[in-house]
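J.: After the structure tokens below, expect a handful of questions from me.
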Amino acid sequence: MKKLRLYNLMVPIDSGDKALYRAALRRLGLQREHVRSITLTKRAIDARKGRVEYNCTADVEIEPRYEDDYLHRWDDFRNIGEVPHLPPLEFPKGKEQPRGRIVIVGSGPAGLFAAFVLAKQGYRPLLVERGAPADSRLRSIGKFNNAGGPLLADANAMFGEGGAGTFSDGKLYTRKNKDPHLVNVLKLFVEYGASPDILIDAAPHIGTDQLAPVVVAMRKATEAAGAEIRFHARLDNLEIEAGEVRAAIVNGERIECAACIVAIGHSARDTYDMLNERGVSLEARPFQLGVRIEHPQTFIDEAQYGRHAGEGLLGAAEYFLTCSNIPTGGEIHSFCMCPGGVIIPAVHSEGELNTNGMSFSLRNHKYGNAGLVATFEPAEYGSDAGPLSGVRFQQYWEQLAYKTGGGDFVCPAQPADDFVYERSKSRELEGSYPRGRRYTDLATILPEKLVKGLRHALPVFDRSMPGFASGFGTLHAVETRCSSPVRITRNPETRESLNVKGLYPAGEGAGYAGGIVSAALDGIHSAAAIIGRFAPVV
């Protein structure tokens, strides 16, 4: 039976399935009896024309007896295509016998999905995670954020089961939307507890409260399929001989390995140091650095939805802002917008301060926040100092922010209008950040490129959303870990390290992904490369 995919079907937000059916039938010039089914596959809120509607994508299945009458007409229609094929999450197996274990380092999306795929196909991988399981990690982070508790080295917002993305908005959209396994990733999230809405929302998100249980359920399924998973297990070293990985040293234990997927997060700085010392090919790469801006969520809702703000079906509004051609080059853009969320200290070590946004599934907090970031090229932060120069650049600004806040992870902050107009009027600042704010002239603790870029971009954003750069918005410094400043270089065909056979860099910390879904996809493809080389474990 023929299925067609229809794009840009506009329906009222308060309508039901019948409105979608009417829009699809109208587009095709069909009667209801001519189709077997019409299925919503994607929806996005569209408020650009003064009214708020859903922009929908739907799959239409034609009754076989009518196919010949209608199919020849559809080449003349716009916004119609064929339904893409969904490949199985299985891969052809190789024949080489592994001489050791397949070890995966890191239980973020890349590591977890790689372990899942390998386990399901009979490879019995070992996944090692330096941090804590999700339940104890949740408790530790809650105490740190809300009760002034201690920062634990192995149970924080950066390290632990699920990776850093577990304590964010849980965004599940990606630029890799043509990857054939994208839908497989989302379906697995739903299978292990996520809302089915993520399969149809154009900008799907899970939220921290739902993502952590999903990760745990998927981990248990991975273990049931034959994987071994160890927590509080740090990769100390790699044994490399004749350009090939021989063993992983984990908590002092030597584990012989046939392949090692390095799916570390972008905050595993000690692991970067170790890899660099072992001679693994690394390179500095562009990365983003900026600040977090926070507004009352009611302001964002009214700016985006106008008179429709507050209507139940709409939920908390988002925004995406870009200002190109800033005076210092490049652009300033919003990043990881968290509607109805909070700003948190996303840190793993004392003396350094990095901010991030986090939302729960309901997105019902009274504030919304987003990163405002600029891209720093290696030449701008001194890549001649080596492949880890971007890490040192991050640390410099994080340490300065921590010191300026006065310690104890108090965050330097300033109203947006004071920053733009170069004035200083020290006062108490309200907001969601849990460890306290200290009024600061942020221009004194940010890179010059960022300061000039923000002072140019904020008035531009204010024209798009009047009030954005007013005292309604508060800037928080600093956000440095939007992306990895390091790439563990790899062969695009084999996915192995350029100079160490059997070492498979994967995910965001390796420099090949930029979020939960893209990291999961990268882990799947690295697992497929290993499956294509080795025979399963007998």
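J.: Between the DSSP loop rule and a limit of at most 13 other Cβ atoms within 10 Å, which chymotrypsin sites (Phe, Trp or Tyr not before Pro) in segment 261-343 are left?
T.: Taking segment 261-343 and a limit of 13 other Cβ atoms within 10 Å, the loop chymotrypsin sites (Phe, Trp or Tyr not before Pro) found are PHE320.
J.: Give the Rg/Rh ratio for segment 1-133, taking Rg as the radius of gyration of the Cα atoms and Rh as the Kirkwood radius, to two decimals.
T.: 1.20
J.: Picking from PRO286, GLY252, ALA268, whose Cα lies most toward the positive end of the charge dipole for segment 234-308 (charges on Cβ: Lys, Arg +1; Asp, Glu -1)?
T.: Value: PRO286.
J.: Could you do me a favour and compute the accessible area per residue for segment 393-538, 1.4 Å probe, result in Å²?
T.: Here the residues of segment 393-538 average 36 Å² of exposed surface.
J.: Then there's this: Give me the extension gain from ASP273 to GLU191: residue separation times 0.36 nm, minus the current Cα-Cα distance, reported in nm with one decimal.
T.: Going from the current span to full extension adds 25.7 nm.
J.: Could I ask something else about it? Could you report segment 261-354's accessible area per residue, 1.4 Å probe, as an integer in Å²?
T.: Accessible surface, normalised per residue, equals 34 Å².
J.: Next question, about the same structure. Determine the order of TYR54, TYR7 by accessible area, beginning with the largest, at a probe radius of 1.4 Å.
T.: Putting TYR54, TYR7 in descending order of accessible area: TYR7, TYR54.
J.: Work out the FRET efficiency for ARG427 and ARG48 from their Cβ-Cβ distance, taking R0 = 60 Å, and round it to the nearest 0.05.
T.: Efficiency, from the Cβ-Cβ distance: 0.95.
J.: Sticking with this structure for a sec: Roughly how many debye, to the nearest 20, is the charge dipole of segment 483-538 about its Cα centre, given +1 on each Lys and Arg Cβ, -1 on each Asp and Glu Cβ, and no other charges?
T.: Dipole of segment 483-538, to the nearest 20 debye: 140 debye.
J.: For LYS95, LYS171, LYS3, what's the largest-to-smallest order of accessible area, 1.4 Å probe?
T.: So, going from the largest accessible area down, we get LYS95, LYS3, LYS171.
J.: Under a Cβ-Cβ cut-off of 11 Å, what is the net charge of the residues other than GLU256 that fall near it, where Lys and Arg count +1 and Asp and Glu count -1?
T.: For residues surrounding GLU256, the net value is +2.
J.: I need the helices of the chain that pass two filters: whole DSSP H segments spanning 20 Å or more by Cα along the axis, and mean Kyte-Doolittle score no lower than 1.0.
T.: Membrane-span-like by this criterion, though nothing is claimed about a membrane: 516-533.
J.: Any number yet on Rg/Rh for segment 296-375, C-alpha, Kirkwood?
T.: When Rh is taken as the Kirkwood radius, the ratio is 1.06.
J.: Would you mind working out the magnitude of the charge dipole of segment 79-158 relative to its Cα centre, with +1 at each Lys and Arg C-beta and -1 at each Asp and Glu C-beta, to the nearest 20 Debye?
T.: Roughly 340 debye for segment 79-158.
J.: A follow-up question, please. Of all DSSP beta bridges located in the chain, what percent are antiparallel, nearest 5?
T.: 75
J.: Shifting gears a bit: For segment 92-137, what relative contact order do you get, as a whole percent, if you take Cα pairs closer than 8 Å and at least 6 residues apart?
T.: Relative CO of segment 92-137 lands at 39 percent.
J.: Which of the listed residues, VAL537, VAL478, GLY515, is farthest toward the dipole's positive end in segment 427-538, when Lys, Arg count +1 and Asp, Glu count -1 at the beta-carbon?
T.: Projecting each Cα onto the dipole axis, the largest value belongs to VAL478.
J.: Using the Cα centre of segment 265-341 as the reference point, and only Cβ charges (+1 on K/R, -1 on D/E), how large is the resulting charge dipole? Debye, rounded to the nearest 20.
T.: With Lys and Arg at +1 and Asp and Glu at -1, about 100 debye.
J.: Still on this structure: Semi-axes, largest first, in whole Å: what does sqrt of 5 times each Cα gyration tensor eigenvalue give for the chain?
T.: 37, 35, 20
J.: Considering only DSSP beta bridges with both partners in segment 1-160, what is the antiparallel share in %, to the nearest 5?
T.: Of those bridges, close to 90 percent are antiparallel.
J.: Need one number: nm distance between label points at GLU61 and ASP441, each 7 Å from Cα along Cα→Cβ, rounded to one decimal.
T.: Modelled inter-label distance: 6.7 nm.
J.: Still on this structure: Can you list the aspartates and glutamates whose alpha carbon sits under 20 Å from that of LYS366, skipping same-chain ones fewer than 8 residues off?
T.: Straight-line reach from LYS366, under 20 Å: ASP169, ASP209, GLU294, ASP301, GLU302, GLU311, GLU318, GLU428, GLU430.
J.: Compute the length gained on full extension between ASN364 and ASN8: take 0.36 nm times their separation in residues and subtract their Cα-Cα distance, giving the result in nm to one decimal.
T.: 125.3 nm
J.: Please give the per residue accessible area of segment 159-230, computed with a probe of 1.4 Å over protein heavy atoms only, in Å².
T.: Result: 39 Å² of accessible area for each residue.
J.: Per DSSP H run of n ≥ 4, the term is -39500 (n - 2.57); total these for the chain, divide by its residue number, and report the mean residue ellipticity at 222 nm rounded to 500 deg cm²/dmol.
T.: -8500 deg cm²/dmol
J.: Among rounded, prolate and oblate, which fits segment 182-223 when a ≥ b ≥ c are the square roots of the eigenvalues of its C-alpha gyration tensor, a/c under 1.5 means rounded, and a/b larger than b/c means prolate?
T.: Cα axes put segment 182-223 in the oblate bin.
J.: Between segment 2-39 and segment 444-470, what is the separation of their alpha carbon centroids in Å?
T.: 43
J.: Would you mind calculating the relative contact order of the chain from Cα pairs under 8 angstrom and at least 6 residues apart, reporting the percent as a whole number?
T.: After rounding, I find 19 percent.
J.: Counting only protein chains, not ligands or nucleic acids, how are VAL103, VAL342 ordered by accessible area (probe 1.4 Å), most first?
T.: Most to least solvent-accessible, the answer reads VAL342, VAL103.
J.: Considering only protein heavy atoms and a 1.4 Å probe, what is the carbon-and-sulfur percentage of the accessible area of the chain?
T.: Carbon and sulfur together cover 49 percent of it.
J.: Mind checking the full-extension length gain between ALA224 and ARG307? Use 0.36 nm per residue of separation minus the Cα-Cα distance, one decimal, nm.
T.: Full-extension gain reported as 24.8 nm.
J.: Tell me the net charge near SER267. Cut-off is 11 Å between Cβ atoms, SER267 excluded, with +1 for each Lys or Arg and -1 for each Asp or Glu.
T.: Result for the local shell: -1.
J.: Assign one of three labels to segment 186-266, namely rounded, prolate or oblate, based on the Cα gyration tensor with a ≥ b ≥ c the square roots of its eigenvalues; rounded applies when a/c is under 1.5, prolate when it is not and a/b is larger than b/c, and oblate otherwise.
T.: prolate
The values are calculated or read from the model by the stated rules, or taken from the named source; none is laboratory data. Please read these numbers as outputs of a predicted model, since none were measured by experiment. Glycine gets a Cβ as well: all are built from the backbone with ideal geometry, and neighbour counts include every protein chain shown. Heavy atoms of the whole protein, side chains included, go into the accessibility calculation; ligands, DNA and RNA do not. Shrake-Rupley method; radii C 1.70, N 1.55, O 1.52, S 1.80 Å.
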